[in-house]
Amino acid sequence: MTISQPTISRIVFHVSVLLASLFNDYIKMPQTQEDILENQRLFKNLGFGKGAIGIPGVDGAIDCTHMRLVHTRFHNVDEIYRNRKGYFSLNVQLLVHEWNF
């Protein structure tokens with residue numbers, strides 16, 4: 001089965017809008033200058049100990065997550081999609097700082 005590029009684009013758009021609607025529930029950005037300075041202080045002090053140095057000037061950080069590929073057509077895909085835990089996934093990273101509709 002082949003899916004057309006316009007169909008893929010519509011799906012990506014609708015999923016992106018859905019994820020954006022959940023933004024404030026899961027992603028917390030510093031809202032005040034005090035919050036930003038606190039994050040910078042925490043990152044600057046990160047890892048202090050035996051020879052460790054902090055990370056100066058950082059306001060925040062993001063991480064990745066593995067989105068499991070569950071459709072049956074993914075069961076015979078190339079091994080490049082198999083993660084270290086043994087299942088097929090895509091490693092996804094997303095950060096939206098400002099969203100304007």
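The values are calculated or read from the model by the stated rules, or taken from the named source; none is laboratory data. Fair warning: this is a prediction, and the values are worked out from it, not measured in the lab. Glycine also receives a Cβ, built like all others from the backbone with ideal geometry; neighbour counts cover every protein chain displayed. Accessible surface areas use protein heavy atoms only, side chains included; no ligands, DNA or RNA. Shrake-Rupley method; radii C 1.70, N 1.55, O 1.52, S 1.80 Å.
Just to be sure, is residue 86 on the phi > 0 side of the Ramachandran plot, exposed (fewer than 11 other Cβ atoms within 10 Å of the Cβ) and modelled with pLDDT of 75 or more? Yes: the conditions hold for residue 86. Does the stretch 28-36 include one or more residues that are modelled with pLDDT of 80 or more, loosely packed, with under 10 Cβ neighbours inside 10 Å, within 21 Å of the chain's Cα centre (by Cα) and in a helix (DSSP H, G or I)? No, the stretch 28-36 contains no residue that is modelled with pLDDT of 80 or more, loosely packed, with under 10 Cβ neighbours inside 10 Å, within 21 Å of the chain's Cα centre (by Cα) and in a helix (DSSP H, G or I). Looking across the stretch 1-24 at every residue that is open to solvent by 100 Å² or more (accessible area, probe 1.4 Å) and part of a helix (DSSP H, G or I), the one that is modelled with the lowest pLDDT is identified as 24. Among all positions in the stretch 62-82, there is at least one residue which is charged (D, E, K, R), at pLDDT below 70 and not in a loop (DSSP other than H, G, I, E, B).
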